[in-house]
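Each reported figure results from applying straightforward, stated rules to the coordinates on display, with no laboratory input. Since the model is a prediction, treat every value here as computed from it, not as a measurement. Neighbour counts are summed over all protein chains in view; Cβ atoms, including those assigned to glycine, are modelled from backbone coordinates with ideal geometry.
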Amino acid sequence: MRGDVGYPVRIGFTKMGKVRFISHRDVARAFERAFRIESLPLSFTLGFSPRPKVSFGLALSVGHESDAEYLDFELAEPVPLEPLARAISGALPEGIEVFAVTALADRAPALQEAVSAVEWEIELTTDGDAQLAAPEAVTQRVEALLQAPTLVVERVRKGRTTTEDIRPTIRRMIVLGPTEHGTVIGVELATRPASVRPAELVAALGTEFREGRVRRTRQWIERGQQRLDPLTADPRIALEARAS
Amino acid sequence: MTSLWPRIEPLLAGVEKPARYIGMERGSQVPHHGPGSVSWLLVYPDTYEIGLPNQGLQILYEILNERDDAAAERAYAPWLDLAAALRTHAVPLFSVDTHRAAADFDIVAFNLSAELVFTNVLECLDLGGIPVRTQQRAVTDPIVVAGGHCTFNPEPMADFVDAFVIGDGEEPVGEMTERVRDWKRAGHPGGREGILRELAAVPGVYVPSMYDVTYDGPALRSVTPRYADVPAVVDKRTVADLADWPYPKEQLVPLIEVVHDRLNVELFRGCTRGCRFCQAGMITRPVRERPADQVRSMVEQGLARTGYDEVALTSLSSADFSGIDALVSDLVTDQIGCGNVGVSLPSLRVDAFTVGIASEIQKVRRTGLTFAPEGGSWRLRQVINKLITEEDLYAAVEGAYSQGWRRVKLYFLVGLPTEMDEDTLGIAELARNVVKIGKQYTKQASATVSVGGFVPKAHTPFQWFGQNGTAELQRKITMLRDDLRKTAAQVKWHDPQATFAEGIASRGDRRIGAVIERVWRAGGTFQEWSEHFHLARWTDAMAAEGLDPDWHVTRHRTENEILPWDHIAAGLHRDFLWQDWQASLAAHGLPDCRWTPCYDCGVCTDYALEHVVASSVPPAGGSQGTGQDLSAGGAVPVLLGPTRVVRSEAEAVASSARPPSAGES
């Protein structure tokens, strides 16, 4: 018997194409509707206005794409997970595709706390001379940025402007190749002490650059020397077997 | 035709809420364009968030896409930021479904549900590369159509719209599709004039360019058809039985938050409460209820398909639906639907019965409940025929506070006919008493008093009334605000200047078109948004056109003058409306004709229609409209009798023990 504890599940999904223009909150609402369309037996919070137990990972800005988004939810009763990816995807807007559904261990750390590194692909473009955003030009800028011991940016926090050094959060930055309008770089960033936004990196690389297509490609949960995929970091063993 | 998406996409990075322009909603249709089919672009001339939920547009979108010979897509007015970007980059207005250019459609059809969106119609046409004036359009330009409640006075938009659809659009859109289809197939015989003349022959369709208008100084002298086969009067279209039209079947589910973001199921169309200020109630007669079984299945299927957890049962007075209590009860006890579903009933009457229903559907989070007494005194409420007694209101409010609501919202109009300061101050008196009742139940009791300025509308008994000017409306609002200072009643009001502009467009004649164009050219789009509204744009434009605003807005019309919408018929006989106007001035109420003898407004008799109601007895509730205390839900037999019933309140009260026909004057 499991008492009032449900069956936590983690899913991985994409956000690609036109749907990248909806907000994090809109994605959450789309999932809540998809769960109802598929009549998933979700656990609800207690209290005056019960909400389904769904928790999202790091927010993704409006306009950015992703291959690697995650959310956790809790089922009130066990259901076969195998067909869920396809079923939920069918109830979601085009471009949001659930690619994996895994049973999650009880009390697994929440995604927002657990994820400590993310990888991005960021396209750099310019308003004017396309050569300014060609791979050679971008490579110079990237090398210069990586050689600098600090990278101070201005941020507005609670109405106050502060300066922060974001250099320690940049783990890796490489030039991946040209696009129609510029160059794509690959970046790995730590999420702590604070997340760095792709736009901040674009601005730090050079004022001539504009942010083109941006895509989150990986999220990592790091524990000691281990680098874990959020889908396999905290597995629940044999959900169906224990539920019977 | 190619998709404009590759050119639109780069612009979206720099605009607010880019998801307004991507489409992809659940329920969106795949349009099948082809040489033999007629393409419609259905445009709501306001933001996506306001336009998307519009049920009229969604219904026509589905009906048209179900046809083999039509394809329909949607567009909404781009916000200022995107409009500027579209102009800078020479990208035209586009559909959100397949991002097709507006000018590539055969028909561009606008929904006109409020006067202050008129300038946005011109903006959308211009962004679409379509000449704004009908006369400037070539045979290759789309046919510009408009529907919605504002078309009951189409004249202010007559210079810009090729064809107006008056009344329910379900049937005429098909008939128009056929005419345009055949005209295209035959190689556009007669050119643009040819198809417009064809459309003018479709019942319910008004083609303003087929009429000559003459003036006598500031007054309108005549509106005459140019051809013998063009109707002198265009009658509205009415769907006789809502059961034949279970739409929308696949309500659109937007990806971003919009107004009324929930499943909407229409309970009935039309209202015969007879509130004299209410254009919707006058022009949508008679009452046509949807069968309760159909409502149930639409709710059930709609919830399952959309994933919404809230359903609104919509109409002009939802508590009047036959069997509303059983329907609501089944919804909240999960007999219909799929668990944990919220129910909302917009447009509720003011009485204890209503509060009973509200308490059933709002089991938790009883934050606010809204009532609309509209007038501050019983006398004034008889004038406007909103027959809510103080007892009805206080019983409703007491019911609300005693069952856990903490805030009551009260809607009122100011600037109503015969209104005296004591009527206006009566609003404050009601609000104070409401708060007093609330304080007996909770210390936090508060009331919000929402005040709008009254704009007289076409085809209502108040169409002859001279609207209050801005100074007078402001004086009344200030007086009310001062009187309620330091109370738990908070006053909110609509800007009297916007009310004035609405008045210009509401009852204006064809000359107002030039004013609308000037306002638009001066940058006056999104006029419903207070930050973009400036009355000076409207008054400057009136002055430039040599038109007197007071003639069009604040002047009382005379009995025999020609009104700009006299050639448009909602079925209401002009002498009925005039008589009701006179009854109003004498503070005589008129009961609801669903449950009392017909007083021959003209709609049912002229159009061979009948009320479609499942119950011949009025619902349980207050005295409203029936002249009887129906709080116990007592039956009022429907009697066949003399056709005119105009009773004073004294008679109504005296007749409360008798069948209503006994109290006729």
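So here's what we get for this one:
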quantity: Other protein chain Cβ atoms within 10 Å, averaged over every residue that makes up B:256-267; calculated: 1
quantity: Simple spin-label estimate for B:ASP182 and B:GLN490 in nanometres, 7 Å along Cα-Cβ; calculated: 5.9 nm
quantity: Cα gyration tensor category, rounded, prolate or oblate, for the protein assembly as shown with a/c compared to 1.5; calculated: prolate
quantity: Chain B: calculated mean residue ellipticity at 222 nm from DSSP helix runs of at least 4, using -39500 (n - 2.57); calculated: -9500 deg cm²/dmol
quantity: Residues with amide H under 5 Å from that of B:ALA489, placed H, sequence gap 5 or more; calculated: B:ALA447
quantity: Shape call, segment B:391-472: gyration tensor on alpha carbons, a/c limit 1.5; calculated: prolate
quantity: Degrees between helix B:390-402 axis and first principal axis of chain B (Cα, 0 to 90, nearest 10); calculated: 90 degrees
quantity: 0 to 90° range, to nearest 10: angle between helix A:135-147 axis and chain A longest Cα axis; calculated: 80 degrees
quantity: Given charges at beta-carbon only (K, R positive; D, E negative), |dipole| of segment A:1-61 in Debye; calculated: 200 debye
quantity: Qualifying chymotrypsin sites (Phe, Trp or Tyr not before Pro) for segment B:220-288 [loop in DSSP, other Cβ within 10 Å: at most 13]; calculated: B:TYR227
quantity: Sequence-distant residues sharing a close amide H with A:LEU176 (under 5 Å, placed H); calculated: A:VAL184, A:ILE185, A:GLY186
quantity: Rotationally averaged projected area of chain B (alpha carbon convex hull; nm²); calculated: 28.1 nm²
quantity: Calculated log₁₀ intensity ratio I(q)/I(0) where the Debye formula runs over C-alpha points of segment B:366-413, q = 0.16, 0.21, 0.32 Å⁻¹; calculated: -0.44, -0.69, -1.15
quantity: A:LEU145, B:LEU255, B:LEU41 arranged by Cβ crowding within 10 Å, fewest neighbours leading; calculated: A:LEU145, B:LEU255, B:LEU41
quantity: Residues of type lysines that A:LYS158 reaches as a straight line, Cα spacing below 27 Å, ignoring anything fewer than 8 places off in the same chain; calculated: B:LYS17
quantity: Karplus-derived HN-Hα couplings along segment B:457-469 (A = 6.51, B = -1.76, C = 1.60, θ = phi - 60°), whole Hz, x at Gly and Pro; calculated: 10, 4, 6, 10, x, 8, 5, 8, 7, x, 4, 5, x
quantity: Inter-label distance, nm, simple model (7 Å from Cα along the C-beta direction), A:ALA76/A:VAL54; calculated: 1.6 nm
quantity: Ranked list, fewest to most other Cβ atoms within 10 Å of each Cβ, for B:MET420, B:MET24; calculated: B:MET420, B:MET24
quantity: Between helix A:24-37 and chain A: long-axis angle, C-alpha atoms, 0 to 90°, nearest 10; calculated: 30 degrees
quantity: At most 14 other Cβ within 10 Å, DSSP loop - trypsin sites (Lys or Arg not before Pro), segment B:481-571; calculated: B:ARG485, B:LYS486
quantity: Ascending count of other beta-carbon atoms within 10 Å, so fewest first, for B:MET282, A:MET16; calculated: A:MET16, B:MET282
quantity: Nearby lysines by direct alpha-carbon distance to B:LYS409 (threshold 30 angstrom, same-chain neighbours under 8 apart not counted); calculated: B:LYS363, B:LYS386, B:LYS436, B:LYS439, B:LYS443, B:LYS457, B:LYS476, B:LYS486, B:LYS492
quantity: GluC sites (Glu not before Pro) lying in DSSP loop within segment B:160-261, provided at most 15 other Cβ fall within 10 Å; calculated: B:GLU257
quantity: Rough spin-label spacing in nm, given labels placed 7 Å along Cα→Cβ, for A:PHE44 and B:TRP578; calculated: 6.0 nm
quantity: Under 5 Å, built H, 5+ apart or other chain: amide partners of B:ALA372; calculated: B:TYR411
